[in-house]
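Here's the structure we're looking at; comments come further down.
Laboratory data are not the source of any read-out in this text; all were calculated from the coordinates shown. Quick caveat, the model's predicted, so the values are computed rather than measured. Reconstructed Cβ throughout: ideal geometry from the backbone, glycine too, with neighbour counts over all protein chains shown.
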Amino acid sequence: MIANTEIKYIISIYNIIESHYFKYFVEMIKQDYKSEKQKYSINCLISEIVSNKSTQFPELSDIRDAVMRFIIRCSMAKLEIQQPLTFYIDRSDFWEEDISLDKIGLLKEELDKKKINIANCYCLYKCLIDAVDKPKDSTNFIDNKKENENKDKNRKKDQIISKNKKGGVEAKGRGKAGKVKPGYNLN
């Protein structure tokens with residue numbers, strides 16, 4: 001029975017076991033691979049992938065799985081952590097067989113443009129997890145950042161307005177005590 005099993009099914013079983021093992025393996029990952037210095041670049045990369053997803057890049061879940069396999073298979077080796085992730089990411093054993101080499105090549109180019117290095121591979125994995133689990137949040141990372149900045153500005157304006165109401169400036173031309181300031185005509 002096992003002799004008649006195709007190799008692709010054996011590899012699939014191995015990949016399933018590997019993905020279940022990864023949650024236990026995370027604790028053993030060296031700190032060298034857990035840098036978050038390039039988190040902004042990683043989120044920009046993910047946003048770019050999502051916006052061009054239909055034609056150019058592998059699915060985020062496939063990229064996540066490839067990064068997970070890289071971490072499991074290579075993190076125990078003594079790799080130069082400042083080396084670009086592009087040196088390894090196109091290895092065929094990290095990808096499912098149905099992912100086109102063109103898509104992997106385009107991903108490799110984008111990783112190279114963003115200069116994502118090995119030290120940030122776990123951060124890349126975590127950001128991909130977030131993007132796959134919460135697509136709305138990750139696809140609009142840059143927009144969400146601007147939106148949050150605008151919310152902060154609006155909160156500050158609201159705080160200033162509420163301080164003014166409490167502190168005394170209730171109507172134009174009136175001071176704290178409600179007296180008319182010189183030079184203002186209220187009629």
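Taking the listed residues 57, 70, the one that is within 19 Å of the chain's Cα centre (by Cα), closer than 17 Å to residue 126 by Cα and aromatic (Phe, Trp, Tyr) is 70, with no other qualifying. In segment 99-117, what residues are of a type in the set (S, T, N, Q) and within 11 Å of residue 56 (Cα to Cα)? Within segment 99-117, 100 is the sole residue that qualifies.
Could you check segment 70-114 and list, in sequence order, the residues that are without any contact (Cβ under 8 Å) to a residue 40 or more places away in the chain and β-branched (Val, Ile, Thr)? Passing the criteria: 86, 89. Is it true that residue 81 is under 19 Å from residue 132 (Cβ atoms) and among the β-branched types (Val, Ile, Thr)? So residue 81 fails the test.
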